[in-house]
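Here, each number is a calculation from the coordinates, and none is a lab measurement. Here the structure is a predicted model, which means the values were calculated and not measured. Using ideal geometry, Cβ is built from the backbone for each residue, glycine included, and neighbour counts are taken over all protein chains shown.
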Amino acid sequence: RLFSSAEAVFSHCKTEHQFDVSDVIQKHGLDFYGYIKLINFVRLKKPTGAYLSSLSSPLPWEGEEYLKPELEDDLLLQFDIEDLCEPVKVLPSNGLSDTMVLLEQLKHAEQRARAAEAALARAQDDLQKMKQFAQDFVMSTDVRSSSSCSTIADLQEDEDGVYFSSYGHYGIHEEMLKDKVRTESYRDFIYQNPHIFKDKVVLDVGCGTGILSMFAAKAGAKKVIGVDQSEIIYQAMDIIRLNKLEKIITLVKGRIEEVDLPLEKVDVIISEWM
């Protein structure tokens with residue numbers, strides 16, 4: 001079913017499905033990015049209005065994967081949520097001056113929409129760069145042939161800078177990949193000692209982007225379990241699928257002291273901070 005405006009969509013959701021978008025935004029204090037995640041979550045999962053109204057923290061759409069539009073060119077993602085949550089102000093009838101005020105408001109609204117679109121595009125581009133780099137880094141180096149001429153070292157300075165600068169919004173998880181000496185040392189140790197990992201069950205504590213998990217899988221581990229509490233684990237899942245290692249690597253979100261692991265014991269424990 002097609003609607004003529006975002007407001008018409010929200011009205012339909014409220015009257016026909018008992019889902020008041022404005023109430024959900026205000027109840028959970030969602031900002032613009034939270035609103036984007038909410039819309040993409042609803043389009044993807046198609047939850048009931050009762051389910052959405054009953055939610056409390058943590059919210060099911062908090063993962064970064066919900067920043068990716070579920071519907072191409074989704075106009076709801078360009079909607080200014082301030083207009084949804086604040087009552088419409090009626091301007092006094094003062095002729096041309098009122099028209100100019102209205103035009104100025106429309107201009108600012110358009111600028112906010114363009115800025116939001118640009119920010120979303122940058123986030124998606126950064127995420128794609130991270131996935132591609134991780135895939136190239138892991139798959140282009142053979143076990144036991146690792147040397148100082150590594151994939152990272154082979155990057156030109158400008159390429160290196162573009163990738164690592166794109167990692168800023170991923171917090172502490174950028175540090176391991178930024179520290180090329182440490183990352184290469186992890187990789188070299190794992191690749192040059194495959195006998196430690198061959199046919200073993202490996203636990204990666206605080207797996208972050210999943211780099212060490214993939215190193216271990218490439219070194220011959222029969223099973224790798226990565227555990228991380230942060231949202232970065234959702235990006236790690238995508239990276240692992242891109243590298244076709246999902247049959248070997250299992251990722252678990254949560255605190256290591258609280259999660260239930262799929263196996264009772266492991267042979268090797270690794271960590272980004274080891």
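Does the stretch 179-274 come out rounded, prolate or oblate by the C-alpha gyration tensor, with a ≥ b ≥ c the root eigenvalues, rounded set by a/c under 1.5 and, if not, prolate when a/b is larger than b/c and oblate if not?
rounded
Could you list, in their original order, any pairs among K198/K247; K14/K107; K37/K107 whose Cα atoms are separated by more than 21 Å?
With Cα atoms farther than 21 Å apart: K14/K107; K37/K107.
Work out the length of the dipole vector of the stretch 6-88 about its Cα centre, built from +1 on the beta-carbon of each Lys and Arg and -1 on the beta-carbon of each Asp and Glu, and round it to the nearest 20 debye.
440
Hull surface divided by four, with the convex hull built on the Cα atoms of the stretch 6-88: how many nm²? Don't skip to the end; give the middle numbers.
On the way: hull surface 20.7 nm².
Its average projected convex-hull area is 5.2 nm².
Residues of the stretch 189-208 with the amide nitrogen closer than 18 Å to a label point 7 Å from the Cα of V259, along Cα-to-Cβ, please.
201-208
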